[in-house]
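For reference, the structure discussed in these notes is given below.
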Amino acid sequence: MESQRKTIPLNWKKGAVIFLFSFLTAAAAVYFLRQAFIPKEELDCYARVATLQKAVDQWNRAYPDKPITDDIDEDQLVKAGFLQPLNYDHSLHYYFVGQTAHGPRVKCNKHEDNPLVLRLTGDFLLAVLIFLIFCSVRGYVLFAPDES
């Protein structure tokens, strides 16, 4: 004897709400796992890369005749007013500008952070997985057969 589970047709409104909840859950989980498992020094390095990228972009717009394309002279950026003095161990971290598919970007000698697009793609895929598991556990069916 087979037990028939009750299936619930999933409409677009309910599906969108469940997916939004799944995405927020995935993004929060990824954020808290990053905070828990990535050392503070590395998280600080990510923040410095973003700060230096902004300063380098401002410098390159202000001085198009002498853009920063390799080594970053932080003192020069501070003197120009594009950067506040950064306090970190210069022997551990070395920042430079390297060419990427999206143009010149600031990089650190220790590691490269995934671009935001890759992070959002990962969050989105994790949200789809959570969405599918939640819907299957709760008995929601996206393409329910017509009951006529």
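The values are calculated or read from the model by the stated rules, or taken from the named source; none is laboratory data. The structure presented is a predicted model; accordingly, all values stated were derived computationally and were not measured. FYI the Cβ positions are ideal-geometry reconstructions off the backbone, even for glycines, and counts take in every protein chain you see. Surface areas here come from the heavy atoms of the whole protein model, side chains and all, with no ligands, DNA or RNA. Shrake-Rupley method; radii C 1.70, N 1.55, O 1.52, S 1.80 Å.
Miscellaneous remarks
- Some residue of region 10-31 being closer than 26 Å to Thr100 by Cβ, modelled with pLDDT of 80 or more and open to solvent by 50 Å² or more (accessible area, probe 1.4 Å): yes
- Flag if Leu77 is part of a helix (DSSP H, G or I), out of contact with any Ser or Thr (no Cβ under 7 Å at 6 or more places or on another chain), in contact (Cβ under 8 Å) with a residue 40 or more places away in the chain and over 30 Å from Ala127 (Cβ atoms): no
- Within the option set Ala62, Ala80, Ala101, Ala27, being of a type in the set (Gly, Ala, Ser) and within 30 Å of Val137 (Cα to Cα) holds for one residue only, Ala27.
- Within the span defined as region 120-127, one or more residues are assigned to a helix (DSSP H, G or I), at pLDDT 85 or above, under 30 Å from Phe21 (Cβ atoms) and open to solvent by less than 80 Å² (accessible area, probe 1.4 Å).
- All conditions in (1) farther than 20 Å from Thr121 by Cα; (2) touching a residue at least 24 places away in the same chain (Cβ under 8 Å); (3) not in a loop (DSSP other than H, G, I, E, B) hold for Tyr88, with the sole exception of (3).
- Residue within region 36-54 that is of a type in the set (A, V, I, L, M), more than 22 Å from Cys108 (Cα to Cα), open to solvent by less than 50 Å² (accessible area, probe 1.4 Å) and in contact (Cβ under 8 Å) with a residue 12 or more places away in the chain present: no
- Evaluation of Lys66 against (1) open to solvent by less than 100 Å² (accessible area, probe 1.4 Å); (2) closer than 25 Å to Leu83 by Cα (one fails), failing number: (1)
- As a summary of the residue check, His102 satisfies the conditions (1) under 30 Å from Lys14 (Cβ atoms); (2) open to solvent by 60 Å² or more (accessible area, probe 1.4 Å) except for the one numbered (1).
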